[in-house]
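No lab work stands behind these numbers, since they all come straight from the coordinates. Keep in mind that what you see is a predicted model, and the values were worked out from it rather than measured. So basically every Cβ, Gly included, is an ideal-geometry build from the backbone, and we count neighbours across all protein chains shown.
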């Protein structure tokens with residue numbers, strides 16, 4: 001069940017998976033307010049009835065939902081009378097007022113696979129919560145350096161560090177801009193990604209910040225980059241400067257697997273991807289000076305090679321599939 005038609009739906013159907021599409025309530029941080037909560041509740045009620053009837057009609061054996069997509073799966077599983085696996089892909093830092101109630105709702109599931117130990121830790125050692133690391137969905141690689149820089153409009157000989165991901169108030173692109181201002185004049189920041197529709201203010205604020213620090217001419221915004229291998233190939237360092245704990249960011253996971261040197265914030269699931277000084281560099285969150293120093297001083301070749309060997313093994317897709325199948329076997333028995 002997907003919320004819309006797109007590349008994922010096409011890929012699943014090509015693999016022989018039956019796909020149903022219907023609008024689903026998508027839970028985002030921007031909805032975590034009294035007004036947003038009422039909108040989510042209304043959409044949840046619609047999801048629950050429709051998904052529950054479908055699950056019961058089609059003889060579904062188990063419902064597996066993701067916290068980042070819909071709340072309706074819990075009610076759908078109850079309506080259909082089947083086990084529910086609720087995959088927790090969020091760390092709810094900053095939402096302490098309402099999280100206890102949401103945690104109680106999550107714990108109604110039969111099992112809570114969590115994408116990192118940091119994510120799992122939100123459930124106070126409840127036996128339903130278990131850590132199941134995501135597997136790499138792709139085999140990341142680095143494209144040719146010169147061709148990638150030409151395609152992205154980057155100087156051929158500059159020192160380039162890149163930040164990939166949704167442009168938001170907590171992913172840390174602003175920290176990267178401030179770090180750039182403390183680096184040598186030949187350093188360039190590549191930002192790959194776009195804000196959510198309706199949240200374009202985050203991009204405007206970034207450009208205003210770059211102007212204040214006098215680094216506008218050293219920031220390149222590539223927008224959404226379809227071929228991330230170009231970003232990996234063009235960058236000397238990949239930065240993941242999340243200001244709030246990130247559960248298990250693909251930006252770090254895939255860049256490390258591609259053999260990039262990754263410098264990241266030392267919280268959330270990032271220390272579970274990178275070993276500081278061995279397969280990457282971890283720095284204090286929201287500290288531009290520490291980020292700038294780590295980026296400039298990293299042993300890039302050694303760290304990138306070590307990361308590729310380590311991450312591709314620990315986050316292999318086969319391992320994840322075995323662990324998920326084991327969870328299914330447990331709740332279905």
What distance in nm separates the simple spin-label points at residue 328 and residue 78, each placed 7 Å from Cα in the Cβ direction? 2.5 nm
Most mobile of 238, 138, 295 per a Gaussian network model of the chain (Cα springs, under 10 Å)? 138
Listed with the fewest Cβ neighbours within 10 Å leading, 196, 170, 86 appear as 196, 170, 86
Compute the distance from the alpha-carbon center of the stretch 149-165 to that of the stretch 240-269, in whole Å. 19 Å
Of 99, 224, how do they rank once you tally other Cβ atoms within 10 Å and put the fewest first? 224, 99
If one puts a single equal scatterer on every Cα of the stretch 93-149 and applies the Debye formula without solvent, what log₁₀ I(q)/I(0) results at q = 0.13, 0.23 Å⁻¹? -0.50, -0.94
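For residue 66 and residue 319, calculate 0.36 nm times their separation in residues minus their Cα-Cα distance, and state this gained length in nm to one decimal.
89.2 nm
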Mind giving me the FRET efficiency for residue 213 and residue 157? R0 is 22 Å, r the Cβ-Cβ distance, nearest 0.05 is fine. 0.45
Sorted from fewest to most neighbouring beta carbons within 10 Å, what does the list 117, 97 look like? 97, 117
Rg and Dmax of the stretch 272-333, using alpha carbons, in Å: what are they? 17.1, 53
If I take every Cα pair under 8 Å that is 6 or more residues apart in the stretch 145-314, average their sequence separation and divide by the length, what percent do I get for the relative contact order? 23 percent
Within the stretch 174-204, the residues whose backbone N lies under 13 Å from a label point placed 7 Å from the Cα of residue 138 along the Cα-to-Cβ direction are 193
On alpha carbon coordinates alone, what is the Rg over Rh value for the chain, Rh being the Kirkwood radius? 0.98
Is the stretch 190-257 rounded, prolate or oblate when judged by the Cα gyration tensor, a ≥ b ≥ c being the square roots of its eigenvalues, rounded requiring a/c under 1.5 and prolate requiring a/b larger than b/c? prolate
Please list the three semi-axes, largest first and in whole Å, of the ellipsoid equivalent to the stretch 92-223, using sqrt of 5 times the eigenvalues of its alpha carbon gyration tensor. 37, 20, 13
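Just need the relative contact order of the chain here, percent rounded to a whole number, with Cα pairs under 8 Å and 6+ apart.
Across the chain, relative contact order equals 14 percent.
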Can you tell me the 0 to 90 degree angle between the C-alpha axis of helix 34-57 and the longest principal axis of the chain, rounded to 10? 50 degrees
Both in Å, the radius of gyration and Dmax of the C-alpha trace of the stretch 145-314 are 14.4, 43
Any idea what the relative contact order of the stretch 239-309 is, in percent, if you count C-alpha pairs under 8 Å spaced at least 6 apart? 37 percent
Given the stretch 42-155 reduced to its alpha-carbon atoms as identical point scatterers, what log10 I(q)/I(0) does the Debye formula return at q = 0.11, 0.17 Å⁻¹? -0.49, -0.83
R0 of 30 Å, Cβ-Cβ distance residue 19-residue 89: FRET efficiency to nearest 0.05: 0.90
